[in-house]
Amino acid sequence: MSKKTLALSHIDNYINGGKNTILLLENKFFYIFKIQIENAINEEDRKEKLEDRLEIIFPRYNSDDFVLRYEILKKEKKRENIVVYLMDINYLSDCIIDDMKDYAFISIIPSFFISREKNDLNHYFNFDISETMLVITEYMNNNILDIQTFKLSKASLDNEDFEVEDKFSIINTFLANITEDIHVIFTGDKINFEDLELDNKNYSFFSVESLDFSKYLNFLPEDLRNKYSLYYIESKYLYILLGLSILTIILTIIIHYNLNNAEKKLEALELESIRLEEEIENARNEMEEIEVENKSLQELIVEKEDRDMRISSFLEELTYFCPEYLKISSIEYNENKIFNIEGKTDKVERITKFLENITNSKNFILSNYDYILKKSNEIEFKIEVKYSTVPR
């Protein structure tokens, strides 16, 4: 039996004085309401909306006298259908002679939850019976579909009397609409099956002696839940907490060890610092030499940038001299500081204009033109020019 699987105690039969057990209460200790609210933002908002509705339909409700738990039946686009369970703390206190704290119950669950242990059934009805109340719940695929309650004897609610209803006739009314493939489970007080119309029905009476309380809503009042908070922590989280504690201890030892080593290293660093100061002085002298070399390098870079800028000026002027439809295909700069320019166009006049522009320029000197050749539909040419601002 795992830590969360505990024995069930009953109001008239406490196992081990109730210590470390689950108190199974009859349905008569509970009020059940189906409430529709607008979609909630979070759990706190949902509970607030439920309490607002309870103020209207059940004015007796307050958090001191009732334990409120709920389950969502269905979520729609804008609304939520919720079943609300209220456990009457005062009624329970009247039935328990001593203070509830003396029993050390770990959890309280209603008898109409017991059928959920039959989780191998796809579709079934649960008829939970007590002396004064009948709770009928429909389940499918382990999800609650609907729940209804019926008073079975005269009871008082806000000084209003409820008439007696016959549990057999109520159950038979429901049984008439339950097909053979749907299982029927009876829980709570045992009932005489001979008085029920169970022909061709798949039915059984179900009870358990223990269960895993973590799978169910816990109706234990909050002050008692806080007392046994460790019971409600998942085992995996306890293992994680234990692992973190061990890890913290190991890290503390490692840190202490590293601090001792750090002190020794600090002493060594002080000695190393003296040696480094001497090396720094030597490095400073070397830096001065590097600065001198760097200055020379910077001068070379400036000279190169100036050369690049002049060549850029040459290209810009040359482009300006080119007539429309005359294309420069190649430019070479030789050791004689002469630009060899090759190009092509469709008319000799364009080449003539290009040569005139160069001749009339202040910065260009036409040294020679090697050839002017006509090929197919194009005329190719090659000339040699000097640019006066290119460094010599």
If you go through segment 334-348 one residue at a time, how many are at pLDDT below 90, farther than 18 Å from Tyr387 by Cα and not β-branched (Val, Ile, Thr)?
2
Between residues in segment 320-335 that are on the phi > 0 side of the Ramachandran plot and residues that are surrounded by 10 or more Cβ atoms within 10 Å (Cβ to Cβ), which pairs lie under 8 Å by C-beta distance while being six or more apart or on different chains?
Tyr325/Thr345; Tyr325/Asp346; Tyr325/Lys347; Tyr325/Arg350
Do you know which residues across segment 287-333 are of a type in the set (Val, Ile, Thr) and at pLDDT below 80?
Ile301, Val302, Ile311
Given the conditions (1) buried (at least 16 other Cβ atoms within 10 Å of the Cβ); (2) at pLDDT below 90, report the number of the one that Glu384 does not fulfil.
(2)
Those residues of segment 181-206 which are touching a strand residue (DSSP E or B) at 6+ places or on another chain (Cβ under 7 Å) and either under 17 Å from Pro110 (Cα atoms) or among the aliphatic types (A, V, I, L, M) (or both) amount to Ile182, Val184, Ile185, Phe186, Thr187, Gly188, Asp189, Lys190, Ile191, Phe205, Phe206
Condition set without any contact (Cβ under 8 Å) to a residue 40 or more places away in the chain and in contact with a helix residue (DSSP H, G or I) (Cβ under 7 Å, 6 or more places away or on another chain), scope segment 183-197, selection most open to solvent (accessible area, probe 1.4 Å): answer is Glu197
Suppose we keep only residues that are in a strand (DSSP E or B) and in contact with a Leu (Cβ under 9 Å, 6 or more places away or on another chain) within segment 127-139. Which one would you say is most open to solvent (accessible area, probe 1.4 Å)?
Glu138
Which condition number in (1) more than 27 Å from Ser388 (Cα to Cα); (2) surrounded by 11 or more Cβ atoms within 10 Å (Cβ to Cβ) is the one that Glu289 fails?
(2)
Would you tally the residues in segment 206-250 being at pLDDT below 85 and closer than 21 Å to Tyr70 by Cβ?
6
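The values are calculated or read from the model by the stated rules, or taken from the named source; none is laboratory data. The structure presented is a predicted model; accordingly, all values stated were derived computationally and were not measured. A quick note on method: Cβ atoms are made from the backbone with ideal geometry, for glycine too, and the neighbour counts reach across all protein chains shown. Remember, those area values only see protein heavy atoms, side chains included, never the ligands or the DNA or RNA. Shrake-Rupley method; radii C 1.70, N 1.55, O 1.52, S 1.80 Å.
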